[in-house]
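Step one of this worksheet: look at the structure below.
Values in this text are rule-based calculations from the coordinates and carry no lab data. Computed from a predicted structure; not experimentally measured. Methodologically, a virtual Cβ is constructed for each residue, glycine included, from the backbone with ideal geometry; neighbour enumeration extends over all protein chains shown.
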Amino acid sequence: AFPHFYPRHASRCFDSAQQLSHSALNDRCAVDNAINLLHVVAEMMATLIQRNRTQAMIEKLSIHDGLTGLYNRAYFEAEMCRHKREKSSLGCMVCDLDGLKAINDIMGHAQGDITLQEAAEALRGCCGENVVAARIGGDEFAVLVAGACLELMEEMSRELKQSVAALHKRHPQSLLRL
């Protein structure tokens, strides 16, 4: 009985082993495919994240001055047009940087850039919400204030002067003159 049982049993075991082997191979292929798919998805996600970051940077650079971080002339003019269309009250303060050409010629453009950045810092120091501070030219800056009255604009002018004075106290070597 034993010799007849063994071959039948062995045959079933062999068939089961083959099935397990194919199943394991299929499982291994499925795992490899899943891993490859995850790599592809991860690469696609990384590309999308980088694309979104690049798009956000492009959008920021399209409306901001690269040196000062203030809004640029295009954004400033668009905001002026928007307020004109909406017929909303708008205050505007324009100032320029005294002696920028001389600073650039005598001390170099790096010092001129520092002085422009200091001017931007002073403007940010006096600007609150609903204010668009922009660099509208090489040495020209402007501030738009939605809903402003004359008193508010005079107050902002005083605050700008105080901001420049505070900057001079912190950095006595500053060449900033607005």
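Which of the three applies to the stretch 96-178, rounded, prolate or oblate, going by the alpha-carbon gyration tensor with a ≥ b ≥ c and a/c under 1.5 meaning rounded?
Working: a/c = 2.60, a/b = 1.75, b/c = 1.49.
Cα axes put the stretch 96-178 in the prolate bin.
With R₀ set to 35 Å, the beta-carbon distance separating Arg51 from Glu154 gives a calculated FRET efficiency near 0.15.
Each Lys and Arg adds +1 at its Cβ and each Asp and Glu adds -1 at its Cβ; summed about the Cα centre, the stretch 74-168 shows a dipole of about 300 debye. Sparsely packed loop sites in the stretch 88-178 (the GluC sites (Glu not before Pro) outside DSSP H, G, I, E and B with at most 13 other Cβ atoms within 10 Å) comprise Glu129. Candidate cross-link partners of Lys101 among the lysines, defined by an alpha-carbon separation under 22 Å and a same-chain spacing of 8 or more, comprise Lys161. With a/c under 1.5 counting as rounded, go ahead and sort the chain into rounded, prolate or oblate using the C-alpha gyration tensor (a ≥ b ≥ c being the square roots of the eigenvalues; past the cut-off, prolate if a/b is larger than b/c, else oblate). Prolate, because a/c is 1.5 or more and a/b exceeds b/c. Straight-line cross-link partners of Lys60 among the lysines, defined as a Cα under 25 Å from its Cα and at least 8 positions apart when in the same chain: Lys84. Listed by number, the DSSP H helices of the chain that run 27 Å or longer by alpha-carbon position along their axis and have mean Kyte hydropathy of at least -1.0 are 2-63, 150-170. Available extension along the chain between Ala30 and His168 is 42.8 nm, counting 0.36 nm per residue and deducting the alpha carbon span.
Spatially, the stretch 129-173 and the stretch 35-86 are offset by 26 Å when compared through their Cα centroids.
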